[in-house]
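Asks: Mind having a look at this structure? Questions to follow.
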Amino acid sequence: MTERVPSARGTRAARRVGIGVMRGLWRPRVFGDWRVPGSGPAILAVNHAHIIDGPMLFSLAPRPVHFLIKKEAFVGPLDPFLRGIAQVKVDRSAPDRAAIGEALRVLREGRLLGIFPEGTRGEGDFAAVRSGLAYFAVRSGAPVVPVAVLGSAERRGRLVGALPPARGRIDVVFGEPFRVDDVAGGRRTRKALDAATTRVQERLTAHLAEARERTGRPEPCTEVHQ
């Protein structure tokens, strides 16, 4: 299998633009970004309740992030754009060996890999965590950094209903890094990955609760999903 090698050059350039856009449209607050290792590989595990969660983290993370993104997003002008900023296209309908190889290469080169462990947009509460994140963590030995994006799906904007209200507050909260390779004992069996996935879900759920308490955001009754 030939691994594609994503370049970080486009990622760095896009982040500079993204920061301006995100801070121009909304009022994001960032907590705990110092918890992201300053160098070396790490996996950012992000909750996912709205389409802007990924772009928000991409722009505000302290280091460039290479996200695993579903292939359906790589259409029209978005295709060359996402490739240009070195995001990783993944086919969710079957094991995607090319995407797996590319993601592992990102970690081997000491970069940040971004994953939505729920697999798709939902409640953003980490209630259904897939085993893919545990696989990458066990295979690479990279620490997992939990990230909670809060406020993106609470209300609709008046001008553009698909987006949060202009100048609305969105919080990005980074948690303490943790490892799961010790749970799996270096094994990648189904049993080992299930145990690692359980550890991941427990830590992500706990971080989400802590993030809500820290930012003063209560548990949502209903949220708007796009």
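Asks: Provide a single number: the residues in region 178-203 that are at pLDDT below 90 and either touching a Phe, Trp or Tyr at 6+ places or on another chain (Cβ under 7 Å) or outside any helix (DSSP H, G or I) (or both).
Replies: 8
Asks: Something else now. Confirm whether ARG23 is in contact with a strand residue (DSSP E or B) (Cβ under 7 Å, 6 or more places away or on another chain) and either over 29 Å from GLY168 (Cβ atoms) or not in a strand (DSSP E or B) (or both).
Replies: When the stated conditions are applied, ARG23 does not pass them.
Asks: Residues being small (Gly, Ala, Ser), loosely packed, with under 14 Cβ neighbours inside 10 Å and free of Cβ contacts under 8 Å to residues at least 24 places away in the same chain: count how many of those fall in region 167-205.
Replies: Matching residues across region 167-205 total 1.
Asks: Another question, then. Test LEU107 against the criterion of being under 26 Å from ARG203 (Cβ atoms) and not aromatic (Phe, Trp, Tyr), and give yes or no.
Replies: Answer is yes for this residue.
Asks: I need every pair where a residue in region 60-74 that is farther than 17 Å from HIS48 by Cα has its Cβ under 6 Å from the Cβ of a residue that is among the β-branched types (Val, Ile, Thr) and part of a loop (DSSP other than H, G, I, E, B), sequence separation at least 6 or different chains.
Replies: Pairs that qualify, where the first residue is farther than 17 Å from HIS48 by Cα and the partner is among the β-branched types (Val, Ile, Thr) and part of a loop (DSSP other than H, G, I, E, B), are PRO62/VAL36.
Asks: Restrict the check to region 166-177 and report whether at least one residue is over 16 Å from VAL46 (Cα atoms), out of contact with any Phe, Trp or Tyr (no Cβ under 6 Å at 6 or more places or on another chain) and either at pLDDT below 85 or among the β-branched types (Val, Ile, Thr) (or both).
Replies: Yes, region 166-177 contains at least one residue that is over 16 Å from VAL46 (Cα atoms), out of contact with any Phe, Trp or Tyr (no Cβ under 6 Å at 6 or more places or on another chain) and either at pLDDT below 85 or among the β-branched types (Val, Ile, Thr) (or both).
Asks: Moving on. How many residues, within region 208-226, are at pLDDT 90 or above, among the hydrophobic types (A, V, I, L, M, F, W, C) and either crowded, with 16+ Cβ neighbours inside 10 Å or in a loop (DSSP other than H, G, I, E, B) (or both)?
Replies: Of the residues in that region, 2 qualify.
Asks: Could you tell me whether any residue of region 8-21 is of a type in the set (S, T, N, Q), buried (at least 16 other Cβ atoms within 10 Å of the Cβ) and at pLDDT 90 or above?
Replies: no
Asks: Please determine, by comparing only the residues of region 66-77 that are in a loop (DSSP other than H, G, I, E, B) and not hydrophobic (A, V, I, L, M, F, W, C), which one is modelled with the lowest pLDDT.
Replies: PRO77
Asks: If GLY18 satisfies every condition in (1) part of a helix (DSSP H, G or I); (2) in contact (Cβ under 8 Å) with a residue 60 or more places away in the chain but one, which is the exception?
Replies: That leaves (2) as the condition not met.
Asks: May I pose another question? For region 78-105, which positions are of a type in the set (A, V, I, L, M), in contact with a strand residue (DSSP E or B) (Cβ under 6 Å, 6 or more places away or on another chain) and assigned to a loop (DSSP other than H, G, I, E, B)?
Replies: Across region 78-105, the qualifying residue is only ALA86.
Asks: Another one. Which of the residues belonging to region 107-134 are surrounded by fewer than 19 Cβ atoms within 10 Å (Cβ to Cβ) and either at pLDDT below 90 or out of contact with any Pro (no Cβ under 9 Å at 6 or more places or on another chain) (or both)?
Replies: Result: GLY119, THR120, ARG121, GLY122, GLU123, ASP125, ALA127, ALA128, ARG130, SER131.
Asks: Find the residue count for region 35-47, including only residues that are assigned to a loop (DSSP other than H, G, I, E, B) and surrounded by 24 or more Cβ atoms within 10 Å (Cβ to Cβ).
Replies: 1
The values are calculated or read from the model by the stated rules, or taken from the named source; none is laboratory data. None of the values given here were measured: they were computed from a predicted structure. Here Cβ is always computed from backbone atoms with ideal geometry, including for glycine, and neighbour counts include all displayed protein chains.
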